[in-house]
1. Considering each residue of the stretch 102-129, count those that are under 28 Å from residue 51 (Cβ atoms) and either open to solvent by 80 Å² or more (accessible area, probe 1.4 Å) or in a helix (DSSP H, G or I) (or both), and give that number.
2. Which residues, counting only those in the stretch 1-39, are under 21 Å from residue 101 (Cα atoms), in contact (Cβ under 8 Å) with a residue 40 or more places away in the chain and within 10 Å of the chain's Cα centre (by Cα)?
3. Just one of 75, 33, 48, 13 is charged (D, E, K, R) and in contact with a helix residue (DSSP H, G or I) (Cβ under 8 Å, 6 or more places away or on another chain); which is it?
4. I want to confirm something. Restricting to the stretch 40-56 and keeping residues that are open to solvent by 60 Å² or more (accessible area, probe 1.4 Å) and under 12 Å from the mean Cα position of the chain (by Cα), which single residue is nearest to residue 21 (Cα to Cα)?
5. Those residues that are under 28 Å from residue 109 (Cα atoms) and either among the charged types (D, E, K, R) or within 15 Å of the chain's Cα centre (by Cα) (or both), I need them from the stretch 57-71; list them, please.
6. Got at least one residue in the stretch 7-17 being within 13 Å of residue 87 (Cα to Cα), aliphatic (A, V, I, L, M) and at pLDDT 95 or above?
7. Which of the residues spanning the stretch 78-129 are over 30 Å from residue 58 (Cα atoms) and within 14 Å of the chain's Cα centre (by Cα)?
8. Condition first: assigned to a helix (DSSP H, G or I) and surrounded by 14 or more Cβ atoms within 10 Å (Cβ to Cβ). Now tell me which residues in the stretch 14-37 satisfy that.
Amino acid sequence: MPHFQIDYSANLDAVLDMGALCEAIRATAAKVDTFPLAGIRVRATRVDHVAMADGDAKHGFIDLSLRLREGRADDVKQDAVTRIFAALRDFAEPAMQTHSIALSAELREIDARLSPKFGNIRDHLEAKK
């Protein structure tokens with residue numbers, strides 16, 4: 001872990017490249033020392049049905065959920081969510097000059113006992129060295 005889930009309003013497809021946003025988040029996460037590279041996952045899900053604020057369809061949103069296994073100190077978690085949210089803001093800032101967009105992020109800590117994981121990505125990362 002960490003796993004990043006981006007939910008975004010469909011009206012942003014025309015103004016933001018969500019694949020590029022996923023890569024921007026991944027690249028930022030890769031620079032956070034406490035995040036194992038092999039555990040980073042970033043995915044984006046378009047939300048087609050949205051009602052926001054005054055009901056005007058022009059409003060859009062990006063909601064970023066960051067899930068981490070437990071065990072990191074509060075200052076490490078604060079630094080991580082601050083850096084990731086800054087990457088989101090920097091990415092969205094040009095579009096926010098002309099479009100109504102709400103940004104949010106939340107870090108959730110996961111109880112490792114209740115969240116089994118298995119994979120061989122680390123084996124393949126090592127093979128590249």
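The values are calculated or read from the model by the stated rules, or taken from the named source; none is laboratory data. All values derive from a computational prediction rather than experimental measurement. Cβ atoms come from the backbone with ideal geometry, glycine included; neighbour counts cover every protein chain shown. For accessibility, only protein heavy atoms count, side chains too; no ligands or nucleic acids. Shrake-Rupley method; radii C 1.70, N 1.55, O 1.52, S 1.80 Å.
1. Here is the first cut: in the stretch 102-129, the ones under 28 Å from residue 51 (Cβ atoms) are 102-108.
Pick out the ones that are also either open to solvent by 80 Å² or more (accessible area, probe 1.4 Å) or in a helix (DSSP H, G or I) (or both) and you get 106, 108.
The total comes to 2.
2. Step one: list which residues in the stretch 1-39 are under 21 Å from residue 101 (Cα atoms), which gives 4-25.
After this cut, where a residue has to be in contact (Cβ under 8 Å) with a residue 40 or more places away in the chain as well, the list is 4-12, 15-16, 20-21, 24-25.
Hits for the stretch 1-39 are 4, 5, 6, 7, 21, 24, 25.
3. On the way: 75 fails: in contact with a helix residue (DSSP H, G or I) (Cβ under 8 Å, 6 or more places away or on another chain); 33 fails: in contact with a helix residue (DSSP H, G or I) (Cβ under 8 Å, 6 or more places away or on another chain); 13 fails: in contact with a helix residue (DSSP H, G or I) (Cβ under 8 Å, 6 or more places away or on another chain).
Of the residues listed, the single one that is charged (D, E, K, R) and in contact with a helix residue (DSSP H, G or I) (Cβ under 8 Å, 6 or more places away or on another chain) is 48.
4. The extreme case among them is 43.
5. Kept after step one, since they are under 28 Å from residue 109 (Cα atoms), are these residues of the stretch 57-71: 60-71.
Those that are under 28 Å from residue 109 (Cα atoms) and either among the charged types (D, E, K, R) or within 15 Å of the chain's Cα centre (by Cα) (or both): 61, 62, 63, 64, 65, 66, 67, 68, 69, 70.
6. To start, the set of residues in the stretch 7-17 that are within 13 Å of residue 87 (Cα to Cα) comprises none.
No.
7. Narrowing the stretch 78-129 to residues over 30 Å from residue 58 (Cα atoms): 78-80, 109-129.
Once the filter is applied, which keeps residues that are over 30 Å from residue 58 (Cα atoms) and within 14 Å of the chain's Cα centre (by Cα), the stretch 78-129 yields only 80.
8. Of the stretch 14-37, the ones assigned to a helix (DSSP H, G or I) are 18-30, 37.
18, 21, 22, 24, 25, 26, 28, 29 - these are the residues of the stretch 14-37 that are assigned to a helix (DSSP H, G or I) and surrounded by 14 or more Cβ atoms within 10 Å (Cβ to Cβ).
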